[in-house]
Amino acid sequence: QMVEAIVDNQKRIFPVCAYLDGEYGQKKVYLGVPVKLGKGGVEEIIEISLNNDEKKLLKSSAESVKEVMKSLDEMKLF
């Protein structure tokens with residue numbers, strides 16, 4: 001479905017791991033968020049309203065992802 005959305009420029013919304021550069025208050029991290037997929041791939045990151053608890057959980061997830069990526073970078077596997 002995701003490939004079809006891109007190839008056919010359907011501009012459908014899917015939950016995907018996308019690079020955030022300020023969206024949801026997060027920068028320089030990939031997180032699962034709703035996006036619009038079209039011929040350009042991720043054409044738009046859809047920001048939904050989050051309550052304070054959800055914002056805290058998202059921030060915690062982002063910090064965890066950044067810690068794992070830092071550890072992987074230090075291992076020089078890639």
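Coordinate-derived values only; no laboratory data. Please read all numbers here as calculations on a predicted model, not as lab measurements.
For residue 36, the lysines whose Cα falls under 22 Å of its own Cα, not counting residues fewer than eight places away in the same chain, are 11, 27, 28, 55. Taking every DSSP helix (H) stretch of at least 4 residues in the chain, weighting each as -39,500 (n - 2.57) and dividing the sum by the residue count yields a mean residue ellipticity at 222 nm of -12500 deg cm²/dmol. Relative to the longest principal axis of the Cα atoms of the chain, the long axis of helix 52-75 makes an angle of roughly 70 degrees.
Expressed as a whole percent, the proportion of Cα-Cα pairs in the stretch 8-78 lying more than 15 Å apart is 60%. The Cα trace of the stretch 39-78 gives Rg and Dmax of 14.7, 38 Å, the first to one decimal, the second as a whole number. In percent, rounded to a whole number, the relative contact order of the chain is 25, using alpha-carbon pairs under 8 Å and six or more apart.
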